[in-house]
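What follows is a short report on a single structure.
The values are calculated or read from the model by the stated rules, or taken from the named source; none is laboratory data. This one's a predicted model, so the numbers in the text were calculated from it and none came from an experiment. Heads up, the Cβs are rebuilt from the backbone with ideal geometry, glycines too, and the neighbour counts pull from every protein chain shown. All accessible areas refer to the heavy atoms of the entire protein, side chains included, with ligands and DNA or RNA removed. Shrake-Rupley method; radii C 1.70, N 1.55, O 1.52, S 1.80 Å.
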Amino acid sequence: MLAKVFSCAVVGLDGVLVEVEVDVGTGQPGVVVVGLPDAAVQESKERVRAAIRNSGGKFPHGKVTVNLAPADLKKAGPTYDLPIALGILIASHQVPEGIEDALIVGELSLDGVLRHTPGIISMISLAAQKGMRRAFVPASDAPEASLIEGVTIYPIQTLADLVNHLNDDVPIAPFVPTEEIEEFATATRIDFSEIRGQEHVKRALEIAAAGSHNILMSGPPGSGKTMLARALPSILPPMTIEEALEVTKIYSVRGLLPPDTPLLRERPFRSPHHGTSSAGLIGGGSWPRPGEVSLANRGVLFLDELPEFSAQTLEMLRQPIEDRIVTLARASGTLSFPANFTF
């Protein structure tokens, strides 16, 4: 039997719909995954096998073929564990069909427990754009997923819980946020009002904050340059909901979103070491990811000991500072990341 389940890949900061097709047939027992999977996706075969067995299900004895479409899009990470497991259960008649309107994402542990999955907010945004009415996500990611309106979020603790829900044995209640978005604000950094003296520098920083200007501080060690820079975000205007969602999406894709903070309301402050590579600062890699300039989006990028940075690295900052965006060109395509920061 053939089963189809919808999942999602994250390319840059945006989600791309992935159709997980599972065919269970006769033949030599084994699992074959096709569709440009990376090593983490290939290894999902063993995680899924163990998770199904340890959740009370039966892994089919025949040949299992898993196709991740579109076939020309590289699939990376363990996001596809849950949709592959669910596709196998549907194809082997252990779970009923009828979830074409749902997005399924999540990494499985060997005992069937769902783990945190990065990039959830990008995936649920795609589900809302595609008109999907519900999404099944790891319970730890449900607060983040609920930030996107129009999609009913079902928090999944284990694979067995999802099977019982789809079989109408033990229904799972949709996730309901316990806090309003406005209540997620935090204050964990140095406050500008706590700094005594340095009136001329503070005046310069106030002008920079008011006009979104960049600023260069020069002085002997111990004069307070780093402390003043770290206090700068405290006098910047509060982020709007749109800005907060933009920043949260970047940190979610990078896997840097704190588990107890579904929405970042504090402006970012990034201070990379002078040994940071160009790819770490600007972004890049074989599977391009945002760099420090994008993690500082809507906030402050502070380069301490500026002369220690290489000339090539500093030259690469010119285009992001001018255009407020980073464009990375690769053979497989071109990706853009926001880079609207105070330097």
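Listing for the model above:
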read-out	value
Selected residue (criterion: nearest to LEU301 (Cα to Cα)) from residues of the stretch 215-244 that are open to solvent by less than 70 Å² (accessible area, probe 1.4 Å) and outside any helix (DSSP H, G or I)	ILE215
Tally of residues being touching an Asp or Glu at 6+ places or on another chain (Cβ under 7 Å) and surrounded by fewer than 24 Cβ atoms within 10 Å (Cβ to Cβ) across the stretch 76-102	3
Condition check for ASP141: surrounded by 24 or more Cβ atoms within 10 Å (Cβ to Cβ) and closer than 18 Å to PRO262 by Cβ	yes
Listing of strands (runs of 3 or more DSSP E) fully contained in the stretch 19-138 that carry 3 or more residues being in contact (Cβ under 8 Å) with a residue 60 or more places away in the chain	102-104
Check on GLY255, modelled with pLDDT of 90 or more and more than 26 Å from PRO143 (Cα to Cα)	no
Checking ILE250 against (1) buried (at least 21 other Cβ atoms within 10 Å of the Cβ); (2) in a loop (DSSP other than H, G, I, E, B); (3) in contact with a strand residue (DSSP E or B) (Cβ under 9 Å, 6 or more places away or on another chain), the condition it does not meet	(2)
Residue under evaluation ASP304, criteria (1) under 19 Å from the mean Cα position of the chain (by Cα); (2) within 27 Å of ILE190 (Cβ to Cβ), criterion not met	(1)
Residues located in the stretch 94-112, provided they are over 16 Å from ALA50 (Cα atoms) and of a type in the set (A, V, I, L, M, F, W, C)	VAL95, ILE99, ALA102, LEU103, ILE104, VAL105
Enumeration of residues in the stretch 146-162 that are under 14 Å from VAL95 (Cβ atoms) and either free of Cβ contacts under 8 Å to residues at least 12 places away in the same chain or open to solvent by 40 Å² or more (accessible area, probe 1.4 Å) (or both)	ASP161
Test: residue in the stretch 181-192 that is in a helix (DSSP H, G or I) and modelled with pLDDT of 85 or more	yes
Residue, farthest from the chain's Cα centre (by Cα), within the stretch 47-71, restricted to residues that are open to solvent by 40 Å² or more (accessible area, probe 1.4 Å) and over 17 Å from LEU114 (Cβ atoms)	HIS61
Where a residue in the stretch 286-300 is touching a residue at least 24 places away in the same chain (Cβ under 8 Å) and its partner, wherever it lies, is small (Gly, Ala, Ser) and open to solvent by 20 Å² or more (accessible area, probe 1.4 Å), with Cβ under 7 Å and at least six apart	TRP287/ALA76; GLY291/ALA279; GLY291/GLY280
Residues of the stretch 1-35 that turn out to be surrounded by 14 or more Cβ atoms within 10 Å (Cβ to Cβ), under 30 Å from GLY284 (Cβ atoms) and of a type outside the set (D, E, K, R), as a count	15
Residue ranges of helices (runs of 4 or more DSSP H) in the stretch 270-343 with at least 2 members open to solvent by less than 30 Å² (accessible area, probe 1.4 Å) and closer than 23 Å to THR248 by Cβ	278-282, 292-295
Of all residues in the stretch 1-49 being under 30 Å from ALA339 (Cβ atoms) and in contact with a Gly (Cβ under 6 Å, 6 or more places away or on another chain), the one that is modelled with the lowest pLDDT	ALA40
